[in-house]
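Asker: What follows is a structure written as structure tokens; I'll ask about it next.
The values are calculated or read from the model by the stated rules, or taken from the named source; none is laboratory data. Just so you know, these numbers come straight off a predicted model, no measurement behind them. In this analysis, Cβ positions are derived from the backbone assuming ideal geometry, glycine residues included, and neighbour counts consider all displayed protein chains. Quick note on the areas: whole protein, heavy atoms, side chains included, nothing else; ligands and nucleic acids left out. Shrake-Rupley method; radii C 1.70, N 1.55, O 1.52, S 1.80 Å.
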Amino acid sequence: MKIALDGPAGAGKSTVAKEVAKKLQMTYVDSGAMYRCVTFLAIKNHVAMQDEPGLFKLAKAMQLMFIPSEHGQGVQLDGVDVTDAIRTPEVGALVPLVANHALVRECLVEKQREIAHTAYHVVMDGRDIGTHVLPDATVKVYLTATLDVRAKRRHEELVRQGFTGTVSDVMKLLHERDEIDGRREIAPMRPASDAVILDTSCLAIHEVTAMVVSLCQARMHNEVSH
């Protein structure tokens, strides 16, 4: 079974995806972390965000592992734990530029599909999973929320990492990210035609998780009965 969770930053898709994977005992793949890793490597190796061949080389060569832990899923890049390092505001602001390159996207989509086909059951979250990466996903959900709610949520996350900016700063970054992701030529961010759209603005994580798990269980039951 393949579950695709898409949506903009701050809609809760990563947190929900982790919880759904845990409850249904599935493999969780954080596709966004893969783009963050390429961005992190580009900053570290002084590769320009406009250098598509250079970014592609980094994406192709990187060795990535997702490691489950008591505190959530860790990310190991070339043998080094980068779980927190890839979540900084600096990396977050540059990710859209990296994700906009066709060669980088093709490389990472290939890696994502390999993981999905290797795992027996998989939950993958991102911005183009249901439309592009796993168009044959069993369940597709598009999570969204108002910009102000998403900004508050993301601001709380960043403050825990030492961020000193305001909610307005985060709102500006998210708005710019939405514009870039929605307008890009290759696999723009949008709900799949057969996705269930959930507005999480007024919902708690456990409520959204319960809804997605219920959808998955109904689909599994339906497949078994047929």
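Asker: Roughly how many percent of the accessible protein surface of the range 98-226 is carbon and sulfur, given a 1.4 Å probe and a whole-percent answer?
Answerer: That fraction is 54 percent.
Asker: On to the next question. Considering only protein heavy atoms and a 1.4 Å probe, what is the carbon-and-sulfur percentage of the accessible area of the range 37-76?
Answerer: The nonpolar share, carbon plus sulfur, comes to 57 percent.
Asker: Could you give the length gained by full extension between K60 and V80, i.e. 0.36 nm per residue of separation minus their alpha carbon distance, to one decimal place?
Answerer: 5.5 nm
Asker: What figure, in Å² to the nearest 10, do you get for the accessible area of C107 with a 1.4 Å probe and non-protein molecules left out?
Answerer: Ignoring ligands and nucleic acids, C107 comes out at about 10 Å².
Asker: In the full protein assembly as shown, how much of K152 is accessible to a 1.4 Å probe, in Å² to the nearest 10?
Answerer: Result for K152: roughly 110 Å² accessible.
Asker: Separate question: Could you sort T83, T15 by their accessible area in this structure, using a 1.4 Å probe and putting the largest first?
Answerer: On the way: T83 40, T15 65 Å².
Result of the area sort, largest leading: T15, T83.
Asker: Hey, can you find the accessible area per residue of the range 53-116 for me, probe 1.4 Å, expressed in square angstrom?
Answerer: Heavy-atom accessible area per residue stands at 52 Å².
Asker: Evaluate the charge dipole of the chain about its Cα centre and quote only its size in Debye, nearest 20, assuming +1 on the Cβ of each Lys and Arg and -1 on the Cβ of each Asp and Glu. Kindly include the intermediate steps, with their values, before the conclusion.
Answerer: Working: 26 positive and 29 negative charges, 23 e Å.
The calculated dipole for the chain is roughly 120 debye.
Asker: Gap in Å between the Cα centre of the range 1-70 and the Cα centre of the range 197-226?
Answerer: Here the two parts' Cα centres lie 23 Å apart.
Asker: Looking at the chain as a GNM with Cα springs under 10 Å, which of M49, M34, M211 has the largest mean-square fluctuation?
Answerer: Among M49, M34, M211, the largest GNM mean-square fluctuation belongs to M211.
Asker: Could you work out the local net charge near G182, counting Lys and Arg as +1, Asp and Glu as -1, over the other residues with Cβ closer than 13 Å to its Cβ?
Answerer: Here the count lands on -2.
Asker: Under 18 Å from a label point 7 Å along Cα→Cβ of T164: give me every residue in the range 54-94 with its amide N that close.
Answerer: 88-91
Asker: Count the lysine pairs in the chain whose Cα atoms sit under 18 Å apart, keeping only pairs 8 or more residues apart in sequence or on different chains.
Answerer: Pairs that pass both the separation and distance tests number 18.
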